[in-house]
Amino acid sequence: MTTCQVDPSIERKSIKGFKFPLGVYPVETMTPMVGYSSEFEPADNAEEMGDWEAWPDQYVFDVVMPTDRVEPFWHQLFAMMPGRIFPIIDYIGHDAYREIDPYMAYEPIGKEKVIDAIRTFRPFFFEDGMVGFGAVSEDPFFYIFVDEHKIVTIRVESQFKARVEKLLAAFDIEPKEEPAGADSAAHEHRAVLLTTPDHPELLNGDEILERMRDAWNLVLNVDPETNVDDEGKELGITLWRCFLRYATDQNPDDQYAEVFLSTDSIRKAEEISQHAIITTIESESEWHDVIIIAVDRFTPEQLKEIFKQDASAKSIDFSVLKEDSVLAVRLIMDKEQP
């Protein structure tokens, strides 16, 4: 069975009985504080939201608890949601100019798909410091998100406020002015999953994310027509690595490839890489199924290091940063991300 497993060499950090997730831990002196803060937020202005769905009046709860209590708390909250929801994943990926890759579904799916995935990949969702996950429903409005620090944010309409407070009380979580988890001090994030050639059924975070994108219909929630950093600065033409899965009618098994290129938007990077794969495989197939798994920007220094480790790879000509260009195409057997 395909699954994941925690690396047994990783030790859990605990301070005064407060257990931190294996993948997030403070690196300076701090005192953890179990508790929750809450506030009321008025509804969004529908006219200002444009094409986006306006959120209603809501009560927001931020909840800090030891990691061994997060999973049962999540399941109790998730049970309050309706049968069809929109899943969410935040992933600390490989993009050089964006800290977090935000994924969300634009079509609702059945809750059982989320439950099955969390059961299968439990260590990834509840222990790994590179991922946050959650779900939102529209009618009624109900939002749950467990971030990369395993701190839980809840947004609900007024009708659910008392139920959430009752659940918090059942978990002995009291209102506090400043509850403190790993993000309240200088801290480190790390991946915690074990991967080994001897056990190909064990997936790493990138591979699990690929499966979740398929199963949950997730889309990268970034404007595909622009190329900006986290501060909104326009970057122009940059270097990209597109990681793809492809198949043809002559070879329907999943195959993987990566395309290195230069361009100025996600949309162009996807189009250029798809065309590059179809051209490279030189197949006479009647159809080509090319799926974009990841689109990441890299600095010239990062790509130089990647190509330095592969003597057979084509040298990169960084002068092409002035135009759209394919730098190299690799058809690969090992689909692990760099």
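The values are calculated or read from the model by the stated rules, or taken from the named source; none is laboratory data. What you see is a predicted model; the values in this text were computed from it and never measured. Heads up, the Cβs are rebuilt from the backbone with ideal geometry, glycines too, and the neighbour counts pull from every protein chain shown.
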Selection count where residues are surrounded by fewer than 16 Cβ atoms within 10 Å (Cβ to Cβ), at pLDDT 95 or above and of a type in the set (Gly, Ala, Ser), scope segment 18-66: 2
Subset of segment 224-244 [out of contact with any Gly (no Cβ under 8 Å at 6 or more places or on another chain) and crowded, with 17+ Cβ neighbours inside 10 Å]: Ile237, Thr238, Leu239, Trp240, Arg241, Cys242, Phe243, Leu244
Candidate set from segment 169-187 (those that are outside any loop (DSSP other than H, G, I, E, B) and touching a helix residue (DSSP H, G or I) at 6+ places or on another chain (Cβ under 9 Å)); member that is surrounded by the fewest Cβ atoms within 10 Å (Cβ to Cβ): Ala170
Tyr246, sole failed condition from (1) in a strand (DSSP E or B); (2) touching a Lys or Arg at 6+ places or on another chain (Cβ under 8 Å): (2)
Residue in segment 269-300 that is modelled with the lowest pLDDT, counting only those that are hydroxyl-bearing (Ser, Thr, Tyr) and more than 13 Å from Val326 (Cα to Cα): Ser283
Which listed residue, of Asn227, Asn204, is in contact (Cβ under 8 Å) with a residue 12 or more places away in the chain, in contact with a strand residue (DSSP E or B) (Cβ under 7 Å, 6 or more places away or on another chain) and closer than 27 Å to Phe124 by Cβ: Asn204
Residues of segment 195-221 satisfying the condition of being part of a loop (DSSP other than H, G, I, E, B) and either surrounded by fewer than 16 Cβ atoms within 10 Å (Cβ to Cβ) or charged (D, E, K, R) (or both): Thr196, Pro197, Asp198, His199, Pro200, Glu201, Asn221
